[in-house]
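Step one of this worksheet: look at the structure below.
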Amino acid sequence: MSYVVLPSFEVGEGNLDAFLTAAQADAFASLADEPDCLQFDIAVDRTSSPVRVIFYEVYTDRAAFDRHLETPHLAAFRDSLHLCTEGPVQFLKRVAS
């Protein structure tokens with residue numbers, strides 16, 4: 001079973017491009033540099049105001065996610081958090097794909 005992480009963010013329209021640029025850099029580096037990061041998708045709900053952004057991250061296990069938390073690219077992404085309001089984070093076990 002894989003470990004799924006679903007963080008969510010609310011982003012004002014004026015900050016959306018900058019936030020998504022930072023998020024995409026984090027997603028790209030996670031997939032390129034972390035062999036135990038299996039998937040990292042970014043979904044945007046533009047019908048809400050502020051815009052809702054959700055990440056769908058899949059890791060082999062909790063330990064892989066914990067290693068992700070220590071990466072330089074995540075530290076760089078955290079510098080963009082002033083552009084948004086962080087929402088809840090859900091942690092799930094994927095039982096089928």
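Bear in mind that the values in this text are calculations on the coordinates, not laboratory data. The shown structure was predicted, so the numbers you read here are calculated from the model rather than taken from an experiment. Ideal geometry is used to build each Cβ from the backbone, glycine not excepted, and the neighbour counts take in all protein chains shown.
Taking the condition part of a strand (DSSP E or B), under 18 Å from V4 (Cβ atoms) and more than 10 Å from the chain's Cα centre (by Cα), does P35 pass?
Criteria not met by P35.
Against the definition (in contact with a helix residue (DSSP H, G or I) (Cβ under 8 Å, 6 or more places away or on another chain) and buried (at least 17 other Cβ atoms within 10 Å of the Cβ)), how does F65 come out, yes or no?
no
H73 is checked against (1) of a type outside the set (A, V, I, L, M, F, W, C); (2) surrounded by 15 or more Cβ atoms within 10 Å (Cβ to Cβ); (3) in contact with a Pro (Cβ under 8 Å, 6 or more places away or on another chain) and fails just one. What number does that condition carry?
(3)
Exactly one condition in (1) surrounded by fewer than 18 Cβ atoms within 10 Å (Cβ to Cβ); (2) in contact with a Pro (Cβ under 6 Å, 6 or more places away or on another chain) is false for F55; which is it?
If we test F55 against (1) surrounded by fewer than 18 Cβ atoms within 10 Å (Cβ to Cβ); (2) in contact with a Pro (Cβ under 6 Å, 6 or more places away or on another chain), just (1) comes out false.
Going by what's in this entry, would T60 be described as surrounded by 15 or more Cβ atoms within 10 Å (Cβ to Cβ) and β-branched (V, I, T)?
yes
Does I42 qualify as being without any contact (Cβ under 8 Å) to a residue 24 or more places away in the chain, among the β-branched types (V, I, T) and assigned to a strand (DSSP E or B)?
Yes; evaluated as a whole, the condition is true for this residue.
Among D26, D17, which is the only one that is in a helix (DSSP H, G or I), surrounded by 13 or more Cβ atoms within 10 Å (Cβ to Cβ) and of a type in the set (D, E)?
None of the others qualify; the one that does is D26.
Which ones in segment 29-52 are β-branched (V, I, T) and either touching a strand residue (DSSP E or B) at 6+ places or on another chain (Cβ under 9 Å) or buried (at least 16 other Cβ atoms within 10 Å of the Cβ) (or both)?
I42, V44, V51
Residues of segment 20-35 being within 14 Å of H73 (Cα to Cα) and of a type outside the set (A, V, I, L, M), which ones?
Passing the criteria: T21, Q24, D26, F28, S30, D33, E34.
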